[in-house]
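The structure appears right after this line, and notes come after that.
The values are calculated or read from the model by the stated rules, or taken from the named source; none is laboratory data. Quick caveat, the model's predicted, so the values are computed rather than measured. Note that we place each Cβ from the backbone using ideal geometry, even for glycine, and neighbour counts take in every protein chain shown. Just the protein is used for accessible areas: all its heavy atoms, side chains included, with ligands, DNA and RNA removed. Shrake-Rupley method; radii C 1.70, N 1.55, O 1.52, S 1.80 Å.
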Amino acid sequence: MILLQTLSTDSLAVAENLANGATKENIGLLDLLIKGGYMMIPLYLLFILAIFIFVERLITLKKASKPSSHLLDQVKVLVQSGQVEKAKIICAGENTPVANMIAKGVDRIGSPLKNIEVSIENVGKIEIYKLEKNLNLLATVSGAAPMIGFLGTVAGMIQAFIAVAQEEGMVSPKLLSTGIYEAMITTAAGLVVGIIAYLGYNYLVSRVSKLVHNMEYSSIEFIDLLQDK
């Protein structure tokens, strides 16, 4: 009987210890982010900045990637029939990089073909600059976030070892391990922000490259139209 009571008590103690251990191990994500320290603040700001730039550029590129084949067909018919002013109005209504380039070309009809090409090329450079706006900043975030995270880890490790050095007598493993895992949080957060920014940057660059190719193709078609006119 005594043996059964002892076994029962031991079983309850083991179960309680396991339950307490599970509770201690189940640390929420928000708790981890808070424990990261003050170096998490710039990482939060960089994350918000990266998301803002990505969404803003994505909306801009989506508007700019409107198909231009129908526009070229309409401009071709109007220019060949002598309705230059109407072609300008149609281009102004589109408000896309391709439309702005063609509008400049239509506006210069009557000038030497070389001057028209230069005008279209200059407008194209301006439009490309608009498309690439803030992409360098997003690339900077992708590189700076992991470095800030690593800096936070180094600072946290220094603080942890200072606390160990000031501890008298036996050093508690919990004191050292807590300081280390809190310091490592900033590295993990910095890597997450950096990876997100890096992937977003490369995706946007690929979208811009496709748009630039479409702009070049459309400008060549328009110049061919003027040569055939």
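So, in segment 76-117, how many residues would count as being of a type outside the set (D, E, K, R), in a helix (DSSP H, G or I) and free of Cβ contacts under 8 Å to residues at least 24 places away in the same chain?
Going through segment 76-117 one residue at a time, the tally reaches 10.
Among (1) in contact with a Lys or Arg (Cβ under 6 Å, 6 or more places away or on another chain); (2) open to solvent by less than 30 Å² (accessible area, probe 1.4 Å); (3) more than 27 Å from D73 (Cα to Cα); (4) not β-branched (V, I, T), where does E182 come up short?
(2)
Test V123 against the criterion of being farther than 30 Å from A197 by Cα and out of contact with any Asp or Glu (no Cβ under 7 Å at 6 or more places or on another chain), and give yes or no.
No.
If you check I120 against the conditions, is it at pLDDT 85 or above, within 14 Å of L225 (Cβ to Cβ) and part of a helix (DSSP H, G or I)?
Yes: the conditions hold for I120.
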